[in-house]
Amino acid sequence: MKEVNDMLDGQLKFLDFFLNNTIEGKENEAKEILVKSFADQETNALSLEDFKQLQKTLFPLIKPEKLNEVKVAMAHFAQSIA
């Protein structure tokens, strides 16, 4: 698994943003999922369909009041996959 210190600056910023909007107690789960997805993205193993599944996995971990903000950020990220 890709280590956090090997991540790109944009990935670190997104990880920080995401974790700041994650439900308390779910941060480690969210971090593990995101770090794996960043590694998959770098090896081109993350398809648009995989990304949609990733969203279904991650959205329940987000604070309800922050969900729309996170969805917008992830929609921007999805454009780089499509």
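Going by the structure shown, is Asn68 polar (S, T, N, Q), under 13 Å from the mean Cα position of the chain (by Cα) and modelled with pLDDT of 90 or more?
no
Taking Ala39 as the residue in question, decide whether it is in contact with a Lys or Arg (Cβ under 6 Å, 6 or more places away or on another chain) and small (Gly, Ala, Ser).
Judged against the criteria, Ala39 is a match.
Report, by residue number, each residue of the range 44-82 that is surrounded by fewer than 12 Cβ atoms within 10 Å (Cβ to Cβ) and part of a loop (DSSP other than H, G, I, E, B).
Asn44, Ala45, Gln79, Ser80, Ala82
Those residues that are outside any helix (DSSP H, G or I) and either modelled with pLDDT of 90 or more or surrounded by 11 or more Cβ atoms within 10 Å (Cβ to Cβ) (or both), I need them from the range 3-30; list them, please.
Met7, Leu8, Asn21, Thr22, Ile23, Glu24, Gly25, Lys26, listed by residue number.
The values are calculated or read from the model by the stated rules, or taken from the named source; none is laboratory data. Remember, it's a predicted structure, so these values are computed and weren't measured experimentally. Cβ sites come from the backbone with ideal geometry, for glycine too, and all protein chains shown count toward neighbours.
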